[in-house]
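The values are calculated or read from the model by the stated rules, or taken from the named source; none is laboratory data. Keep in mind that this is a model prediction, so the values were computed, not measured. For neighbour counting, all protein chains shown are included, and Cβ atoms are generated from backbone atoms with ideal geometry for every residue, glycine included.
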Amino acid sequence: MQLVFLDTKTIGNIPNLRLPEKFGRVTYYETTTPEQVRERIRDADIVITNKVVLDRDTIAQAPKLKLICIAATGTNNVDRQAAEARGIPVRNAVDYSTASVAQGTFALLFQLMIDIPYFDRYVKDGSYSRSDIFTHFGRGFIELAGKRFGIVGMGNIGRQVAGIAEAFGAEVVYYSTSGRNTDQPYRRLELEEFLSTCDVVSIHAPLNEKTAGLIDYGRLTRMKPSAYLLNVGRGGIVVEADLARALDEGRITGAGIDVFEHEPIRPDHPLLHLKHPGRLVLTPHVTWASIESRTRLMEKVGRNIEDFLNEPGAAGGRPQTESHAQPK
C-alpha cells in the first residue's frame, strides 16, 4: 500500500507524525506546489492532504487512488464529486481543535482587554521600581464579568467558548447564521440586536454563502464603541478593509483576528497598516494548533485510514507495516 502525505509542514513536528507508516509505505513532503501534485500522487493508494488542492483533473490522473484523507476539517480543497464518481472516499477530521481554539480565543480577548505586555514592560524597564505607590493605573482595563458575550457559530467550539465565558461571569447570547440553530441553552438574538448589545462578538462559524462578508463596515458601525470583535472562525467572514477602517475611526475598541481571507497575509494588507495598531491583535491562523490538537488530528487521520481498510471489500486489503522515506 502506497501512501503520500503532501504537506506535513502544515501540521508540524508532532510525536505521531509517522503514524501512517503502520498502514504501508509512506512518502512525506513538507510542501507540494500545484505543479508537483500529479507526479507525487500518481502511484498512491492513499493521499493525505491538509491544504493541497486535489481537483478533478488531478484525481483523474491517479489511477491507483483508493482514499483521500484530509488532515483538517474543511473539505473545500478536494473535488468531492470527482472523487465520488471514481468511488474514492474523502475522509476529513473533526473536533480535534476545540480546546485549543477556545483557549486561543480568550488569549486574544485578554490581550485586548488587559494588555499584559504593557504591564510587563512597565516592570522590566524600571518604571515600577521608580514608582511611589504599589500599583500602576497607566493602562486601565475592565472585567469580563457582567458583560454580554456574543457568539456567531454555536458548534463544538462555540459551545466551549460559551462555557468559558459563563465561568468568567459573562452573559452568553448567540446569533444563528442559518436561522435554524435554536436548540441551545443561551438566548438567540437577531443580528441587529446581537451586534448593538454585545460587548464581545466572537466568530466561530464556517465560511459559506450566509457568512461570507457578514461583518462589513455597516455592521461594524452598529456595534458598541466599547466592543471587541474576535474572528477565529474563517477569513472572509469579516471584511478586513472595513475592519481596518472601523478600528482607525474608533467604531469599536479592539479586534483580535486569527484567520484571514488570504493566508499568509499579504504585506500590503490594510490590517498591517493601521493608524492605531494597538487596537488590533493578530495571530497567524494558530489558535487551533496546540501540540495536543495536532496530535489528535493525526490520530483521527490514522483512524480514518484504519476504518477504510477494515471495511468489507476495501481495495488492496490491510497492508503490511512498512516505512518509506523520511519527511522532506
Subset of region 271-287, residues free of Cβ contacts under 8 Å to residues at least 60 places away in the same chain and within 21 Å of the chain's Cα centre (by Cα), comes to Leu271, Leu272, Leu280, Leu282, Pro284, His285
Quick check on region 130-138. Is at least one of its residues in contact with a helix residue (DSSP H, G or I) (Cβ under 8 Å, 6 or more places away or on another chain) and either surrounded by 13 or more Cβ atoms within 10 Å (Cβ to Cβ) or closer than 30 Å to Asp199 by Cα (or both)? yes
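Results for (1) farther than 21 Å from Leu195 by Cβ; (2) of a type in the set (Lys, Arg), shown as yes or no for each residue.
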site	(1), (2)
Gly218	no, no
Pro225	no, no
Tyr228	no, no
Arg251	no, yes
Gly256	no, no
Pro267	yes, no
Leu274	yes, no
Leu280	no, no
Thr283	yes, no
Within region 12-20, is there a residue that is surrounded by fewer than 15 Cβ atoms within 10 Å (Cβ to Cβ), at pLDDT 95 or above and among the basic types (Lys, Arg)? no
Among the residues of region 62-104, write down those that are over 12 Å from the mean Cα position of the chain (by Cα) and among the charged types (D, E, K, R). Lys64, Lys66, Asp79, Arg80, Glu84, Arg86, Arg91
Out of everything in region 99-127 that is surrounded by 17 or more Cβ atoms within 10 Å (Cβ to Cβ) and among the hydroxyl-bearing types (Ser, Thr, Tyr), what residue ends up being nearest to Leu297 (Cα to Cα)? Ser100
Restricting region 288-311 to residues that are over 22 Å from the mean Cα position of the chain (by Cα) and surrounded by 17 or more Cβ atoms within 10 Å (Cβ to Cβ), which is nearest to His262 (Cα to Cα)? Ile305
For region 172-193, enumerate the residues that are within 23 Å of the chain's Cα centre (by Cα) and aromatic (Phe, Trp, Tyr). Tyr174, Tyr175
Is it the case, given these coordinates, that Asp43 is touching a strand residue (DSSP E or B) at 6+ places or on another chain (Cβ under 8 Å), among the charged types (D, E, K, R), part of a loop (DSSP other than H, G, I, E, B) and in contact (Cβ under 8 Å) with a residue 24 or more places away in the chain? yes
Of the residues in region 40-81 that are of a type in the set (Gly, Ala, Ser) and crowded, with 17+ Cβ neighbours inside 10 Å, the one that is farthest from Gln2 (Cα to Cα) is Ala72
Go through (1) within 30 Å of Ala93 (Cβ to Cβ); (2) in contact (Cβ under 8 Å) with a residue 60 or more places away in the chain for Met154 and report which single condition fails. (2)
